[in-house]
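The values are calculated or read from the model by the stated rules, or taken from the named source; none is laboratory data. These numbers were taken from a predicted model, which means no experiment stands behind them. Here Cβ is always computed from backbone atoms with ideal geometry, including for glycine, and neighbour counts include all displayed protein chains. Each accessible area value is taken on the protein alone, full model and side chains, heavy atoms only, with ligands, DNA and RNA left out. Shrake-Rupley method; radii C 1.70, N 1.55, O 1.52, S 1.80 Å.
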Amino acid sequence: MHPDFWHQRWADNQIGFHQDAPTPLMLKHWPSLGLAAGTRVFVPLAGKTLDMAWLAAQGHRVLGVELSRIAVDAFFEGNGVTPEVTASKYGTHYRAGDIELICGDAFGLDEAALARCDAVFDRAALIALPEDLRQRYARELYARLPSHCRGLLITLEYPQHEKAGPPFSVVENEVRALYARDWTIETLERRDILETQPKFVEEGVTELHTSVYRLERKR
Ligand SMILES: C[S@@+](CC[C@H](N)C(=O)[O-])C[C@H]1O[C@@H](n2cnc3c(N)ncnc32)[C@H](O)[C@@H]1O
C-alpha cells in the first residue's frame, strides 16, 4: 500500500485493526519463546498497539516503527507518558522508558537500526502488506535482523477473492515460502475465528482462521 493509504486511514480514524487490549495469542505464546528480560523486541508496523506496552512490562526493550505520526502520538498519550523526541536518518524517534518508537518507514531501517533486536513480534504487519511488499518485508527487512533472532508471527487466512485487503490472507504455504530460507518455522496454533469477526461475515467472508508461527533465524 502507498504510505498515503495508511496516513488517510489514521486521519479518518479508520483503525478497525486496533485492539483495546494486548493480543490474546501473544499473551498465550510469547512465554514459549523463553526470552530473557532485557531482550530488545522489534515491533514492525506498530500502529499504537498496546502489545508494545505489554512487552515492556515483561522487562523487554521495545523498538517499534510506524509511518503515522497520529498513531505514534496516540500511543504515548494513551500510555500517559511524554516521550523524548530526536531525529535520525530513519525518521523521528520517540523514547519513553523502555519503548522507542520510530515514526518512519520500516523498509528504511538497516542492520544498524535493528542491532540487538533479538526478538520480533508481528501482529497485523505482514498481513497489512500486498504480495510484492510481503516479499520485501520477509526477504529484505527480516534479513536485517540479527542471527538467532526469534519471535512470533500472527496471520489471517480467508478466501482472498471474498474480500479485498488489507488485511490480506496469508496462508501457511506463503509463510513458508517467504521465511523458510532464513528462518525455522513452527506452527504453534491455527484457530477458526469467523464467529468472533462479524465485520468479515458482513463483507461476505465464509471462512476465517488465524495462525501463530514461531520463527527463529537460522544464522
Ligand atoms: C494493520 S495496522 C497494524 C498495527 C499494529 N501492528 C496493530 O496490531 O495494531 C498496520 C500499520 O502499519 C503502518 N505501516 C504501513 N506501512 C508501513 C511502513 N512501510 N513502515 C512503517 N509503518 C507502516 C500503518 O500506518 C498501520 O498503522
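Key figures
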{"quantity": "Stokes-Einstein D in µm²/s, Kirkwood radius over Cα pairs - the chain at 4 °C with 1.567 mPa s viscosity", "calculated": "73"}
{"quantity": "Measure of compaction for region 1-125 (Cα Rg per 2.2 N^0.38 Å)", "calculated": "1.00"}
{"quantity": "Cα centre as origin, Lys/Arg/Asp/Glu Cβ charges: the chain dipole, Debye", "calculated": "780"}
{"quantity": "Gain upon complete extension [Glu172, Glu84; 0.36 nm per residue less C-alpha separation]", "calculated": "27.7 nm"}
{"quantity": "Region 5-123 - percent of accessible surface contributed by carbon and sulfur, probe 1.4 Å", "calculated": "50"}
{"quantity": "Spin-label model distance (nm) - Arg139 vs Ala112, 7 Å beyond Cα toward Cβ", "calculated": "2.6"}
{"quantity": "Burial ranking of peptide ranges 50-59, 200-209 (average Cβ count within 10 Å, highest at the top)", "calculated": "50-59, 200-209"}
{"quantity": "Efficiency of FRET from Cβ geometry, Ala164 and Asn13, R₀ 22 Å, rounded to 0.05", "calculated": "0.65"}
{"quantity": "DSSP-defined beta bridges in region 58-102 - what % are antiparallel, rounded to 5", "calculated": "70"}
{"quantity": "Most positive-pole-ward Cα, Leu129, Ser68, Ala119, against dipole of region 37-156 from beta carbon charges", "calculated": "Ala119"}
{"quantity": "Where labels lie 7 Å past Cα in the beta-carbon direction, separation of Arg190 and Glu207 in nm", "calculated": "0.9"}
{"quantity": "Rounded accessible area per residue of region 91-177, 1.4 Å, Å²", "calculated": "38"}
{"quantity": "Given charges at beta-carbon only (K, R positive; D, E negative), |dipole| of region 103-219 in Debye", "calculated": "540"}
{"quantity": "Convex hull per residue volume in Å³, alpha carbons only, for region 107-219", "calculated": "96"}
{"quantity": "Sparsely packed trypsin sites (Lys or Arg not before Pro) within region 4-113, loop by DSSP, other Cβ within 10 Å at most 16", "calculated": "Lys89"}
{"quantity": "Loop-located GluC sites (Glu not before Pro) in region 75-182 whose Cβ has at most 14 other Cβ within 10 Å (DSSP)", "calculated": "Glu111"}
{"quantity": "Separation in nanometres of the label points that stand 7 Å from Cα toward Cβ, at Arg95 and Phe5", "calculated": "3.4"}
{"quantity": "Sum of -39500 (n - 2.57) over DSSP H runs of 4+, divided by residues of the chain (222 nm, nearest 500)", "calculated": "-6000 deg cm²/dmol"}
